[in-house]
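Here is the structure we will look at, set down as structure tokens.
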Amino acid sequence: MLKRPIWNTVVQIFGKAIMILLSLVTTAIMTRKLGANIYGAFVLTTSVFLLLDALADFGSRAIGVREASKNPDKADEIYKELTGLRLMMANIGFVIGVIIIFSFKGFATIKVEALISLLMIFFTSIAGSLEIIFQTKMRLDLKTIMDVSFPLLFLIFLIAYPLKLNLIWVMVMYLVARILSLGIGEKIIKIKVQFKLNRVWYWIKELWPMGVYLIVFTAYDRAVDSMMISKFLTMKDVAYYGLSYKIYNSLVQPAYFFVASIFPLLAGQIQEKKKLFFRSLALILGVLILAAPILSMMAPFMIQYLGGAEFLPSVGVLRTLIFAMIFAYVNHLFGFTLIAKRGQKSILLIGLIALCFNVLGNLYAIPRFGINGAAMVTVYTEMLSAVMLGVGLWRLK
């Protein structure tokens, strides 16, 4: 039962290991060539982009995989309809992004750079449509090929760039690398677009709880911290926190890969779903017991390698976020299992509560305790989410 998911997970972890290695080298180059202030601007821009990308996705990846897994005879139609919906949402996200860029003072000096980054939303939307197909067909090994090509191309561009590096050219190279990697994915699987208003309305009604949740989750997971730190502290503090959070986010990825691999089974028609859930939970907890202490000890080395002496204030933040990683791993399994059980509305309520807690917590902690306070709020937010998701699952058993 777990053979194919474990294979997918191993392939993705191998691919992710390559991506992390590429990301480490890329980050080390950028932190040193850009400096903390400009790297902080890069972190702020990409954090806001992730929020808009969540709007463009609107839950269509997870729900699309669930519906295509349950209705394999209608899978091709589902792919085409969701691709059309995703492109529509990407246009909405682009307009909102332009408004944010010209109204939020954090972008006052980097409007052009932010606008270039915003163009990514259309290409990321297409990449997400390809992911729905890869995941439903249990071919996440093919998805990994497309994913690895993106950071590899970006790193090649950074190394080959002959002039003094600035944020504009970083964003241009980032965009070109995404476009080229998408071309690789398109060669593996061709996608088609279908846009019918009645079907768009159907999918919006089906997706909205999950879609709003993803926006809410991304807000407190990525955007709120960076935007509040830029408001109350300095762009250097955004850089210190952003570097720690980049490492934390990479460390959480194996949980996403594993749960994404078993999600079609949790959402499909197989027997023994409860056994699959508890075996997966035991595996996740076993990995955490071994990995968390080792990672905490390695925190100074990771920060020193990636950012150098200028980024040493990131060490304490990273150690705190590693503790949050324990709850984040569990939340991935709980959240996807709730989606499989059609519990999107419960997830939305949980997300809204977590967002309110996170915003209020950061408003209190960041002015008083700085970036370490923001990290502690992340721990408590993940802990609260784990409790609420667990209760939600228990109510649906």
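Laid out as a table, the results:
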| read-out | value |
| --- | --- |
| Tabulated pairs, region 95-120, first more than 12 Å from Val48 (Cβ to Cβ), second modelled with pLDDT under 90 and of a type in the set (D, E, K, R), C-beta under 9 angstrom, 6+ apart or interchain | Lys105/Lys231 |
| Boolean, Ile133 is modelled with pLDDT under 85, surrounded by 23 or more Cβ atoms within 10 Å (Cβ to Cβ), under 19 Å from the mean Cα position of the chain (by Cα) and part of a helix (DSSP H, G or I) | yes |
| Residue, modelled with the highest pLDDT, within region 172-193, restricted to residues that are assigned to a helix (DSSP H, G or I), among the charged types (D, E, K, R) and in contact with a helix residue (DSSP H, G or I) (Cβ under 9 Å, 6 or more places away or on another chain) | Arg178 |
| Every residue from region 49-93 that is part of a loop (DSSP other than H, G, I, E, B) and in contact (Cβ under 8 Å) with a residue 24 or more places away in the chain | Phe58, Gly59 |
| Residue identified as in contact with a Gly (Cβ under 6 Å, 6 or more places away or on another chain) and in a helix (DSSP H, G or I) among Ser296, Ser346 | Ser346 |
| Some residue of region 84-105 being farther than 24 Å from Met171 by Cα, in contact with a helix residue (DSSP H, G or I) (Cβ under 8 Å, 6 or more places away or on another chain) and modelled with pLDDT under 85 | no |
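Listed here are the residues, each with its yes/no results for (1) surrounded by 21 or more Cβ atoms within 10 Å (Cβ to Cβ); (2) under 23 Å from the mean Cα position of the chain (by Cα); (3) under 24 Å from Thr218 (Cα atoms).
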position: Tyr241; (1), (2), (3): yes, yes, yes
position: Phe277; (1), (2), (3): no, yes, no
position: Gly286; (1), (2), (3): no, no, no
position: Ala292; (1), (2), (3): no, yes, yes
position: Ala299; (1), (2), (3): no, yes, no
position: Thr337; (1), (2), (3): yes, yes, yes
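The values are calculated or read from the model by the stated rules, or taken from the named source; none is laboratory data. Note that the structure is predicted; figures quoted are calculated from it, not measured. Cβ sites come from the backbone with ideal geometry, for glycine too, and all protein chains shown count toward neighbours.
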